[in-house]
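Written out below as structure tokens is the structure these notes cover.
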Amino acid sequence: ASPDHQQGWWLSLQAVISPLYYTNQYGVIDDVYCMCREMAAYVRDKQYSDFVDIVGITPVVAPKRAIEEGQWRETKQCKFKSGFAYVSLSIDYEEFVNGDIDMKKQLIVKNILASVKAIH
């Protein structure tokens with residue numbers, strides 16, 4: 001499915017959808033959702049590139065087997081004509097699932113930073 005049709009949540013300028021697979025299995029984590037909303041408010045009116053206006057970020061938190069079977073995959077797309085970039089990078093499933101809320105937030109932030117760097 002395209003980023004527009006995947007279940008999750010979008011932030012305004014930079015977009016983050018809740019982690020693929022994990023959200024489908026366990027639901028949205030309210031604390032992580034709130035953190036990402038605050039991050040979106042911070043970046044809402046900032047311009048980071050002359051070519052990209054919107055960055056869609058969808059972390060992949062899925063078991064290794066699901067990734068190996070092709071159910072989920074990392075993606076990096078830039079559509080300069082429309083000013084949109086979409087990045088989907090993996091987060092270690094076991095570390096995320098077994099981590100406390102602070103660890104989950106750290107892993108999401110680390111993934112967001114890596115995703116933004118991936119489009120440069």
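The values are calculated or read from the model by the stated rules, or taken from the named source; none is laboratory data. Quantities reported herein were computed from a predicted structural model and do not represent experimental measurements. Using ideal geometry, Cβ is built from the backbone for each residue, glycine included, and neighbour counts are taken over all protein chains shown.
Quick rundown of the values:
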{"quantity": "Top-ranked residue of the range 80-116 - restricted to ones that are touching a residue at least 40 places away in the same chain (Cβ under 8 Å) and of a type in the set (S, T, N, Q), ranked as farthest from Ala62 (Cα to Cα)", "calculated": "Ser115"}
{"quantity": "Members of the range 77-96 found to be at pLDDT 90 or above and loosely packed, with under 14 Cβ neighbours inside 10 Å, listed by number", "calculated": "Asp92, Glu94, Glu95"}
{"quantity": "Cross-chain or 6+ apart pairs with Cβ under 6 Å, the range 61-74 first and in a loop (DSSP other than H, G, I, E, B), then β-branched (Val, Ile, Thr)", "calculated": "Trp72/Val60"}
{"quantity": "All positions within the range 1-29 that are among the small types (Gly, Ala, Ser) and either within 11 Å of the chain's Cα centre (by Cα) or at pLDDT 50 or above (or both)", "calculated": "Gly8, Ala15, Ser18, Gly27"}
{"quantity": "Residue selected from the range 97-120 under the condition in contact with an Asp or Glu (Cβ under 8 Å, 6 or more places away or on another chain) and loosely packed, with under 14 Cβ neighbours inside 10 Å, by the criterion nearest to Asp50 (Cα to Cα)", "calculated": "Met103"}
{"quantity": "Residue, modelled with the lowest pLDDT, within the range 30-76, restricted to residues that are of a type in the set (Ser, Thr, Tyr) and more than 16 Å from the chain's Cα centre (by Cα)", "calculated": "Tyr48"}
